[in-house]
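Only one structure is covered here, and it is reproduced in the block below.
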Amino acid sequence: NEWTIHSAKIGRCRYIPKDITNYSGIEVEDFVSLTFDGKALKNVMPGEFFYSDEVEVEFEKGEFLCLEMTFSGTMLPYHEESLLPIYILDGKDWKYNKKMPLPGMIGCDRKVKERIGYWGDSITQGCGTEDDSYTHWVAKIAEGLPENCSVWDLGIGYARAYDAATDAGWLQRAKMCDTVHVCFGVNDILRGRTAEQVLEDLHTIVGKLKQANCRVILLTLPPFDLEGEQRMRWQKVNHTIRTSLRTEADGLFDIAAVLGQPAPKEHLCIYGGHPDAEGCQAVAEAYLNTPQV
């Protein structure tokens, strides 16, 4: 459904309270209004891609960006698994509430050597870590990469390879990156997709990204304590990724080997199905110390 942005502005925050459910104590400075094609109001159509006009704001290291927006609509895009502190003005009080549309990307004007995307489900998004902690494995990898690399975490909860392979808006975002890491399959198996179906979807994803001239790094399916038939599908998909499907991509990162217990219990998690901060740190260290080939 169509929804409307009535006004939007961004500012700088120096302090974020440890209790993210509490908005008091957050001081925002230097608010700058956003416009869309020169207008403050933006009617957003279903499936529409859009950007705000550029604004100039200088941030110092350690500062946070605050987005304040007034919006309306009968159906609004938001995500329950957002890891950001979000507050809705209820009468006179700001209350913690995730039901707010959020930007899919915040870009900055700087020259970079490589735009790197990490594309997957809630495991990639970082849902096992504390909200607003920036301890998920993509964030920790970003910290260890050279300054001339930009990083986009494209992970989102409940995502499937089946969705990504449709070549719709989500894949179009991934194609904007120079290098794309692909980590899908756990939710597909949980929702009854066969190993063959998951592998066909991964084959399609890799092919579409390669057609867009992206460098593609395949990730194995992280462990999720699967048993029975689901465990067998998980093992078959990972075996095929490690042996044959990897040849279609430009590299492989075996995240399952970092997060899983030693064989024959490699399907069981060490750090939880959604890796905690310790598990994410282990992933980042393994990634940064191992060439993805």
Task: Members of the range 21-47 that are of a type outside the set (S, T, N, Q), closer than 21 Å to residue 104 by Cβ and open to solvent by less than 60 Å² (accessible area, probe 1.4 Å) - done: 32, 34, 36, 40, 42, 44
- [ ] Please tell me if residue 284 is within 24 Å of residue 152 (Cα to Cα), modelled with pLDDT of 95 or more and touching a helix residue (DSSP H, G or I) at 6+ places or on another chain (Cβ under 6 Å).
- [x] yes
- [ ] Kindly indicate whether residue 151 is of a type outside the set (Lys, Arg), open to solvent by 10 Å² or more (accessible area, probe 1.4 Å) and under 15 Å from the mean Cα position of the chain (by Cα).
- [x] yes
- [ ] Can you tell me which residue within the range 272-290, out of those that are assigned to a loop (DSSP other than H, G, I, E, B) and open to solvent by less than 50 Å² (accessible area, probe 1.4 Å), is farthest from residue 231 (Cα to Cα)?
- [x] 275
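Of the residues in the range 28-76, how many are of a type in the set (Lys, Arg) and within 22 Å of residue 3 (Cβ to Cβ)?
Residues that pass the stated criteria total 2.
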Task: Any chance residue 82 is open to solvent by less than 30 Å² (accessible area, probe 1.4 Å) and either aliphatic (A, V, I, L, M) or in a loop (DSSP other than H, G, I, E, B) (or both) - done: yes
Task: Single residue of the range 127-148 satisfying the filter (farther than 20 Å from residue 177 by Cα and among the small types (Gly, Ala, Ser)) that is surrounded by the most Cβ atoms within 10 Å (Cβ to Cβ) - done: 128
- [ ] State whether one or more residues within the range 255-265 are within 23 Å of residue 139 (Cβ to Cβ), open to solvent by 50 Å² or more (accessible area, probe 1.4 Å) and in a loop (DSSP other than H, G, I, E, B).
- [x] no
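The values are calculated or read from the model by the stated rules, or taken from the named source; none is laboratory data. Owing to the predicted nature of the structure, the values given are computational and were not obtained by experimental measurement. Quick reminder, even Gly has a Cβ in these numbers, built from the backbone with ideal geometry, and neighbours come from all protein chains shown. Surface accessibility is based on the protein's heavy atoms, side chains included, excluding ligands, DNA and RNA. Shrake-Rupley method; radii C 1.70, N 1.55, O 1.52, S 1.80 Å.
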